[in-house]
Amino acid sequence: MLTRRCVALALCAAASALAAPAARAQEPFRIGLILPMTGPNSATGRHIDAAVKLYMSQNGDTVAGRKIEVIVKDDTGAADLTKRLAQELVVNDKANAIAGFGLTPLALAAAPVATQAKIPMLVLAAGTAIITEQSPFIVRTSFTLPQYTVPFAEWIAKQGSRTVVTLVSDYAPGLDSAKAFKETFEKAGGKVLDELRAPLRSPDFSPFLQKARDLKPDALFIFVPNGQGAQMMKQAAERELEKAGIKIYATGDVTDDDSLNEMGDGVLGMITAHHYSAAHKSPENEAFVKAFKAQAKFRPSFMAVGGYDGMRLIYEALKKTNGASDGAALVEAMKGMSWTSPRGPISIDPRTRDIVQNVYIRKIERGADGELYNMEFETIPNVKDPVKEAKK
Ligand code: PHB
């Protein structure tokens, strides 16, 4: 038989159970945004932070009844700090998602935290193929190196280059790129004469460029992460590779929109491959670039687009879950999502949680505004990460 106290308690419990979802609905949805805001990779942080702010100013800060709160943390590009910040965001700040990750080692360091906390981890910047396999909670809006290296190697082979030397940064995305290049280019009948690797930190590219010159290939293929391209291209000009008859091809990381204008006329005509250019011709991109420049006071790079699309993914997933922040449900909601990004049509591969996007072959030209741009002239549509495609 129920006592009065018990009835009261039961009612209380029922009342609080009823109240709980409402109370939870009032809780903000907290995104821990971990970025290199200082140090050698600060351009990544600056672009993503600005893009997140732009997305929120355009789309409001409330989704499905949840206020969106972004907590920015500066990991300075140090992986041990990324991991500690991710843990603090989960434990102290009660983050419902973590996002950012400007370099591959930083994403790899944070992955176990997302798995343990069962919250979505949005990779907005890093590009090594295996990253999304490190946690079922990872979803990526950036790119993978093989995603644009493979179509580029095929394209270069078609241009008639028979011998190539590759020069990449000596860490995971560089190794991904060099491997993808060699496999693809040699399958197309070409030969990679040497695979050179420059250190990631404080690199001096001169000895590697000299080595490449001495090997006399038809072309040199380069990948370095964003922020290092200006020095690379300056040192390449000093070695006069083009004069020696060696064509230079690079991934778009080398000539990103943030640093391209520092490179000067020497890079005019250079051909690169990538998924985003500020000069991409579409109404979505023109609106994005205009709004971004008005708010941030600089033009957006591919890092900015990764951040902008990552915010969209979180907003749309939250709409689908009606504001519920269950991590597995949010990741499920993100799978298969597709939309037109400033970079072109994109989707999240439901099998791999990796981005599917167009790859563009571009040529550096001076735009009508006097600035240098990567002008897209050929499109390879809807490219999936080839490394994960090969594992199917
Ligand atoms: C990476 O560390 O994964 C990375 C960073 C910057 C890039 C490309 C890849 O431009």
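Each value in this text was obtained by applying a stated rule to the coordinates, not by laboratory testing. These figures come from a predicted structure and were not determined experimentally. Neighbour counts are summed over all protein chains in view; Cβ atoms, including those assigned to glycine, are modelled from backbone coordinates with ideal geometry.
Short version: ³J(HN,Hα) in whole Hz for each residue of the stretch 217-229, in order, from phi by Karplus 6.51 cos²θ - 1.76 cosθ + 1.60 (θ = phi - 60°), x for Gly and Pro, what are they?
Result, ordered by residue: x, 5, 8, 10, 10, 10, 10, 9, x, 3, x, 9, x Hz.
Select from Ala117, Ala287, Ala317 the residue whose mean-square fluctuation is largest in a Gaussian network model of the chain (Cα-Cα springs shorter than 10 Å).
Maximum among the listed residues: Ala287.
Helix 79-91 versus the longest principal axis of the chain: what is the Cα-based angle in degrees, 0 to 90, to the nearest 10?
With rounding to tens, the tilt is 20 degrees.
Return the distance in nm (one decimal) between the two label points of a simple spin-label model at Glu240 and Ala287, each offset 7 Å from Cα along Cα→Cβ.
So the label points at Glu240 and Ala287 sit 5.1 nm apart.
Only helical DSSP H runs with n ≥ 4 go in: add -39500 (n - 2.57) per run for the chain, normalise by residue count and round the 222 nm mean residue ellipticity to 500 deg cm²/dmol.
Computed ellipticity for the chain at 222 nm equals -13500 deg cm²/dmol.
So if we plug the beta-carbon distance of Lys391 and Leu193 into 1/(1 + (r/R0)^6) with R0 = 30 Å, what FRET efficiency do we get, rounded to 0.05?
Step by step, r from the Cβ atoms, then E = 0.55.
With contacts defined as alpha carbon pairs under 8 Å and 6 or more residues apart, what's the relative contact order of the stretch 232-369 in percent?
Working: 159 pairs, mean separation 36.1, N = 138.
Computed over the stretch 232-369, the figure is 26 percent.
Let me spell out the model: positive unit charges on the Cβ of Lys and Arg, negative unit charges on the Cβ of Asp and Glu, origin at the Cα centre of the chain. What dipole size does that give, in debye rounded to 20?
Dipole magnitude for the chain comes out near 1040 debye.
What percent does the relative contact order of the chain come to when contacts are Cα pairs within less than 8 Å and at least six residues apart?
So the answer I get is 16 percent.
Measuring from label point to label point, each 7 Å out along Cα→Cβ, what is the Thr340 to Glu133 span in nm?
3.5
Over the stretch 161-243, what relative contact order in percent results from Cα pairs under 8 Å that are six or more residues apart?
Result for the stretch 161-243 is 40 percent.
Compute the helix-to-body angle for 283-296: its Cα long axis versus the longest principal axis of the chain, expressed 0 to 90° and rounded to tens.
So the helix axis and the longest Cα principal axis differ by about 80 degrees.
For the chain, set up a GNM with springs between Cα atoms under 10 Å and report which of Arg140, Arg299, Arg362 has the largest fluctuation.
Among Arg140, Arg299, Arg362, the largest GNM mean-square fluctuation belongs to Arg299.
About the Cα centre of the stretch 240-392, what is the dipole size in debye to 20, counting +1 per Lys and Arg Cβ and -1 per Asp and Glu Cβ, all else neutral?
So the magnitude is around 520 debye.
Using modelled amide H (1.01 Å from N, peptide plane; none on Pro or chain starts), what sits under 5 Å from the amide H of Val63, excluding residues fewer than 5 places away?
Ile68
Quick one: 3J(HN,Hα) in Hz for the stretch 370-379, Karplus 6.51/-1.76/1.60 with θ = phi - 60°, rounded, Gly and Pro as x.
x, 8, 7, 9, 8, 8, 6, 10, 8, 10
Cα centroids of the stretch 91-113 and the stretch 175-219: how far apart, whole angstrom?
The stretch 91-113 and the stretch 175-219 have Cα centres separated by 32 Å.
For a test of the definition: using alpha carbon positions, the gyration tensor, and the 1.5 limit on a/c, classify the stretch 259-392 as rounded, prolate or oblate.
oblate
Asn92 to Gln58: FRET efficiency via 1/(1 + (r/R0)^6), r the Cβ-Cβ distance, R0 30 Å, to the nearest 0.05?
FRET efficiency, Asn92 to Gln58: 0.50.
So, R0 is 41 Å and r is the distance between the beta-carbons of Ser202 and Arg351; what FRET efficiency does that work out to, to 0.05? Present the calculation step by step, with values, prior to reporting the outcome.
Numbers: r = 39 Å, r/R0 = 0.95.
In this case the efficiency is close to 0.55.
What percent antiparallel are the DSSP beta bridges of the chain, to the nearest 5?
40
Want the number for Asn382 to Val72: 0.36 nm per residue separation, take away the alpha-carbon distance, what's left? Before the final figure, lay out the partial values.
On the way: separation 310, 0.36 × 310 = 111.60 nm, distance 3.18 nm.
Full extension of this stretch gives 108.4 nm more.
Please give the charge dipole size of the stretch 28-81, origin at the Cα centre, charges +1 on K and R Cβ atoms and -1 on D and E Cβ atoms. Round to the nearest 20 debye.
So the magnitude is around 220 debye.
Round to the nearest 10 and give me the degree value, 0 to 90, for the angle of helix 145-158's Cα axis relative to the longest principal axis of the chain.
With rounding to tens, the tilt is 30 degrees.
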